[in-house]
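Since the structure comes first, as structure tokens, the remarks are kept for the end.
What follows is calculated from the coordinates using simple rules that are stated; it is not laboratory data. Note that this is a predicted model, so its numbers are computed, not measured. Cβ: placed from backbone, ideal geometry, glycine included. Neighbour counts: every protein chain shown.
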Amino acid sequence: MSNKVVLAVGAHPDDMDFTASGTIARWIEEGATAYYIIGTDGSRGSSDPEMTHEHLAAIRKKEQLEAAKILGVKDVFFLDFIDTQLVSDLILKERIVWYIRKLKPNIVVTMDPTFYYAVDAYDSESSFINHTDHRAIALSTMDAVFPLSRDRLTFPEHEKEGLSPHKVQELYFTQFHQKQYVIDVTSTFEKKLRAIAAHKSQFDDFPAIKERMMKRAIQFAKEEEFEFAESFTRLIMPR
């Protein structure tokens, strides 16, 4: 991974930390430079009756920056769309394309655009509906990777800013409900847990979160030669 550039795109502060931070931390340790894009301000994720949207957004931004520092992520870019109102439209896609053309990533990581719900969640006895923002950021990122960032005549205003088309080499969709392409994160799993722990506003019982993360990572590593894993769908993009 030496000299590789990785761009991870999530809908909310904590999305990439919960799903892919073990892998991202490993790639950084192997010599990659990593960046985050966070689509929304995270301003809806609280049941505290005293909390305001503005205050929560500020808290979550600070938490994400702390988590990124733990992992070694070089920079975090906040698009600041309103939480729960993210839409996969040309406005969002253009913003992601701009960063792809600016940063020139070899690898892009995002959520799974095909995942709408699970009848039996992988690490729970209940069913699961994937968050609307997750679906929007995933579809927009996939489209941004191909074909939008590749084609010079798409968003031609970028060329006036000195940005040229870019072809991403690999696209990873995070998986937290099924095992597909797994990556060994045993050596960076504690770092992943510390990054998740930085998002204090999102849970009251971190030991329960830790147990769930361990259960999932062990399950993904089942029948492998390592202890903990993260799962992805991996696409090798045409050159």
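In table form, for the structure just shown:
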{"quantity": "Every residue from the stretch 20-61 that is of a type in the set (G, A, S) and farther than 22 Å from V6 by Cα", "calculated": "G42, S43, G45, S46, S47, A57, A58"}
{"quantity": "Boolean, V97 is buried (at least 18 other Cβ atoms within 10 Å of the Cβ) and under 15 Å from the mean Cα position of the chain (by Cα)", "calculated": "no"}
{"quantity": "Flag if K179 is of a type outside the set (F, W, Y) and farther than 22 Å from A118 by Cα", "calculated": "no"}
{"quantity": "Within the stretch 28-74, tally of residues that are under 21 Å from F189 (Cα atoms) and surrounded by fewer than 23 Cβ atoms within 10 Å (Cβ to Cβ)", "calculated": "14"}
{"quantity": "Complete set of residues in the stretch 193-207 that are free of Cβ contacts under 8 Å to residues at least 24 places away in the same chain and more than 18 Å from the chain's Cα centre (by Cα)", "calculated": "F203, D204, D205, F206, P207"}
{"quantity": "Residue check, L103 crowded, with 16+ Cβ neighbours inside 10 Å and closer than 18 Å to D41 by Cα", "calculated": "no"}
{"quantity": "Residue in the stretch 208-224 that is surrounded by the most Cβ atoms within 10 Å (Cβ to Cβ), counting only those that are of a type outside the set (A, V, I, L, M, F, W, C) and either touching a residue at least 24 places away in the same chain (Cβ under 8 Å) or touching a strand residue (DSSP E or B) at 6+ places or on another chain (Cβ under 7 Å) (or both)", "calculated": "R216"}
{"quantity": "Of all residues making up the stretch 46-81, the number that are in contact with a Leu (Cβ under 7 Å, 6 or more places away or on another chain) and under 13 Å from S201 (Cα atoms)", "calculated": "1"}
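So that you can scan it fast, the table gives a plain yes or no per residue for (1) farther than 30 Å from I218 by Cα; (2) under 15 Å from the mean Cα position of the chain (by Cα); (3) buried (at least 23 other Cβ atoms within 10 Å of the Cβ):
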| residue | (1), (2), (3) |
| --- | --- |
| L139 | no, yes, no |
| D143 | yes, no, no |
| E157 | yes, no, no |
| S164 | yes, no, no |
| T174 | no, yes, yes |
| Q178 | no, no, no |
| D184 | no, no, no |
| K191 | no, no, no |
